[in-house]
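What follows is a single structure, written as structure tokens, with notes after it.
The values are calculated or read from the model by the stated rules, or taken from the named source; none is laboratory data. Keep in mind the model is a prediction, meaning the values are calculated, not measured. With ideal geometry, Cβ positions are generated from the backbone for all residues, glycine too; neighbour counts draw on all protein chains shown.
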Amino acid sequence: MTDSLERMNRRAFLGTSAAAIAATAVLPRTALSYEKIIGANDRISLGHVGIGNRGRELDRIASKLKSSHSVEMVAVCDLWTVNRQRAVATNTGYYGRVPRAAAQIEELLAMKDVDGVLISTPDHSHSTLLRMAVEAGKDVYIEKPMGNVLDEAKAARDTVLQSKSVVQVGTQHRSEPHPRAAHDVIQSGALGDISKVEIVWNYHGPRWRGREEVKQIRQQETDWNKWLLTKPARAFDPQLYFEFRLYKEFSSGIPDQWMSHAIDLVHWCMNDSFPKSAVSHGGVFAWHDGRENADTFQTLLEYRKGFLVSYSTSFGNDAPSFTRYMGKKATLINIGGEGSPRYQLIEEKGTHEDDADIDAKRGSKFILLPGETKLPPMGIDDLSLEHMGNWFDCMRSRQQPNASVNDGFAHSVACMMAAESYWSGRKVYWDAASETISDTASAQDLKAI
């Protein structure tokens, strides 16, 4: 089995001035035809909506691909004037030309020369803005989670599926070479029947609290009601504006931000996309700073293929993180937290009389890529480089990217189920026929029991 790993084939990887914007109405997607197929030598014109911390990172990633993939950021959009002006200056430096600046997404979507739109706004706005961008005829790179309100996520998915837009969801680990090699090992059957997947990703610190921008922003510098989008009106709150991941109406926190990546990899590797049920627990045990969302969280998800996923995160302790796929023939361990490229395959040798014999009886091997002679470093820069490049490639080929809208919808459902179970204190179930989350099992599942 270990010899076969060395022979695994891997996919090849990556190798104006500011002007006033015409007040043009955004046409619905059904009124547009996607007749322009971008050629290999045509420049891809990009617009970016929501350019905070993650947005600035995506801008940098895109700029690194400007020559190899012939792309340019021609327009930037952010509600906050500071972010907007900084994005203009940054992208001018990247491309040598000044991008147009828009305060509202509608302005950017009305720009006919913009081919693709990056969206890296707060969690609660992802689904709505994705739907708007696709209705405007744009290809889209949408940050995860794809949605955290079920009806909004459904509407976005349905809009994408009825369109010709190429949508890449920002679960970038699907495009990275080491997770892809691990995926192939699992799909090969080398682990045998897998009954459990364990994921533990920890961090020591008051995650998402203490953003310096909270003290910098003034209400007159942004559009607070536009930021709220689908949420009820409330007084301007700079902490909510920048630390939204701590507040349950806008984000589930750990599930939306961390578990979304982890469960998306499980769905991909196990070829099973929707949990059958979920039960969660946790609380604010480490950082009593006014946050609503848990700083210590755990959920158990059962899948229809017959395996259990355990996901756990603590922000109060940095104990070693890992992901473990447990099969009858072997265990595949990803050593480290999110994005770690170190995967070790450990063969099972049957039952053991005592723990002292286990290591001696097991064979193990790290998964290395062709040409690698030593373990990769635990952290790798530019984790979104291949993923962004895959989106650009698919914008030209019109093929489905590595993380499709269906994949995004599936990880969103899993995270919504975990969050709903946590807040309700009940076990919840996914009804695939009606696409609803409930606290009772479906008739089909009851019959299976």
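Testing Val166 on (1) over 30 Å from Gln239 (Cβ atoms); (2) among the aliphatic types (A, V, I, L, M); (3) surrounded by fewer than 22 Cβ atoms within 10 Å (Cβ to Cβ), one condition comes back false. Which one is that?
(3)
Of the residues Lys215, Lys276, which single one is among the basic types (Lys, Arg) and within 23 Å of the chain's Cα centre (by Cα)? Show your work before the answer.
Working: Lys215 fails: within 23 Å of the chain's Cα centre (by Cα).
None of the others qualify; the one that does is Lys276.
Tell me the residue from Asp295, Asp264, Asp256, Asp318 that is over 27 Å from Asp407 (Cα atoms) and among the acidic types (Asp, Glu), please.
Working: Asp295 fails: over 27 Å from Asp407 (Cα atoms); Asp264 fails: over 27 Å from Asp407 (Cα atoms); Asp256 fails: over 27 Å from Asp407 (Cα atoms).
Just one listed residue meets the conditions, Asp318.
How about segment 110-161: which of its residues are of a type in the set (D, E, K, R) and outside any loop (DSSP other than H, G, I, E, B)? Don't jump to the end; show me each part of the working.
Step one: of segment 110-161, the residues of a type in the set (D, E, K, R) are 112-113, 115, 123, 131, 135, 138-139, 143-144, 151-152, 154, 157-158.
Matches in segment 110-161: Asp123, Arg131, Glu135, Asp139, Asp151, Glu152, Lys154, Arg157, Asp158.
In this structure, is Ala110 more than 18 Å from Tyr241 (Cα to Cα) and either touching a Leu at 6+ places or on another chain (Cβ under 8 Å) or buried (at least 24 other Cβ atoms within 10 Å of the Cβ) (or both)? Working first, answer last.
Details: more than 18 Å from Tyr241 (Cα to Cα): yes; either touching a Leu at 6+ places or on another chain (Cβ under 8 Å) or buried (at least 24 other Cβ atoms within 10 Å of the Cβ) (or both): no.
Against the criterion (more than 18 Å from Tyr241 (Cα to Cα) and either touching a Leu at 6+ places or on another chain (Cβ under 8 Å) or buried (at least 24 other Cβ atoms within 10 Å of the Cβ) (or both)), Ala110 does not qualify.
Among residues belonging to segment 271-299 that are closer than 19 Å to Asn317 by Cβ and among the charged types (D, E, K, R), point out the one that is surrounded by the fewest Cβ atoms within 10 Å (Cβ to Cβ).
Asp289
The conditions are (1) hydrophobic (A, V, I, L, M, F, W, C); (2) out of contact with any Asp or Glu (no Cβ under 9 Å at 6 or more places or on another chain); (3) assigned to a helix (DSSP H, G or I); (4) surrounded by fewer than 18 Cβ atoms within 10 Å (Cβ to Cβ), and Val82 fails exactly one of them. Which is it?
If we test Val82 against (1) hydrophobic (A, V, I, L, M, F, W, C); (2) out of contact with any Asp or Glu (no Cβ under 9 Å at 6 or more places or on another chain); (3) assigned to a helix (DSSP H, G or I); (4) surrounded by fewer than 18 Cβ atoms within 10 Å (Cβ to Cβ), just (2) comes out false.
Taking the stated definitions as given, is Thr313 part of a strand (DSSP E or B), over 24 Å from Lys365 (Cα atoms), modelled with pLDDT of 95 or more and β-branched (Val, Ile, Thr)? Don't jump to the end; show me each part of the working.
On the way: part of a strand (DSSP E or B): yes; over 24 Å from Lys365 (Cα atoms): yes; modelled with pLDDT of 95 or more: yes; β-branched (Val, Ile, Thr): yes.
In short, yes.
Do you know which residues across segment 56-79 are surrounded by fewer than 22 Cβ atoms within 10 Å (Cβ to Cβ), under 19 Å from Met111 (Cβ atoms) and among the small types (Gly, Ala, Ser)?
Ser70
So how many residues does segment 224-244 have that are surrounded by 13 or more Cβ atoms within 10 Å (Cβ to Cβ) and either among the β-branched types (Val, Ile, Thr) or part of a loop (DSSP other than H, G, I, E, B) (or both)? So that I can check it myself, show each step before the final result.
Step one: list which residues in segment 224-244 are surrounded by 13 or more Cβ atoms within 10 Å (Cβ to Cβ), which gives 224, 226-229, 231, 236-244.
From what is left, the residues that are either among the β-branched types (Val, Ile, Thr) or part of a loop (DSSP other than H, G, I, E, B) (or both) are 229, 231, 236-237, 243.
Total meeting the criteria: 5.
Residues Glu302, Glu348: which one is crowded, with 17+ Cβ neighbours inside 10 Å, more than 22 Å from Pro179 (Cβ to Cβ) and under 24 Å from the mean Cα position of the chain (by Cα)?
Numbers: Glu348 fails: under 24 Å from the mean Cα position of the chain (by Cα).
Only one candidate qualifies: Glu302.
If you go through segment 260-279 one residue at a time, do you hit one that is among the β-branched types (Val, Ile, Thr) and either touching a Pro at 6+ places or on another chain (Cβ under 6 Å) or not in a helix (DSSP H, G or I) (or both)? Even if it seems obvious, please write down each step before you answer.
Initial filter on segment 260-279 (among the β-branched types (Val, Ile, Thr)): 263, 266, 279.
From what's left, either touching a Pro at 6+ places or on another chain (Cβ under 6 Å) or not in a helix (DSSP H, G or I) (or both): 279.
Yes, because at least one residue in segment 260-279 is among the β-branched types (Val, Ile, Thr) and either touching a Pro at 6+ places or on another chain (Cβ under 6 Å) or not in a helix (DSSP H, G or I) (or both).
Going through segment 225-246 one residue at a time, which ones are farther than 18 Å from Ile119 by Cα and over 19 Å from the mean Cα position of the chain (by Cα)?
The answer is Asn225, Lys231, Pro232, Ala233, Arg234, Ala235, Phe236, Asp237, Pro238, Gln239, Leu240.
If you go through segment 61-107, how many residues are of a type in the set (D, E, K, R) and more than 23 Å from Tyr241 (Cα to Cα)? Don't jump to the end; show me each part of the working.
Going residue by residue through segment 61-107, those that are of a type in the set (D, E, K, R) are 64, 66, 72, 78, 84, 86, 97, 100, 106-107.
With more than 23 Å from Tyr241 (Cα to Cα) added as a condition, the list becomes 64, 66, 72, 97, 100.
Of the residues in segment 61-107, 5 are of a type in the set (D, E, K, R) and more than 23 Å from Tyr241 (Cα to Cα).
For Ile37, work out the one condition from (1) at pLDDT below 95; (2) under 24 Å from the mean Cα position of the chain (by Cα) it doesn't fulfil.
So the condition that Ile37 fails would be (2).
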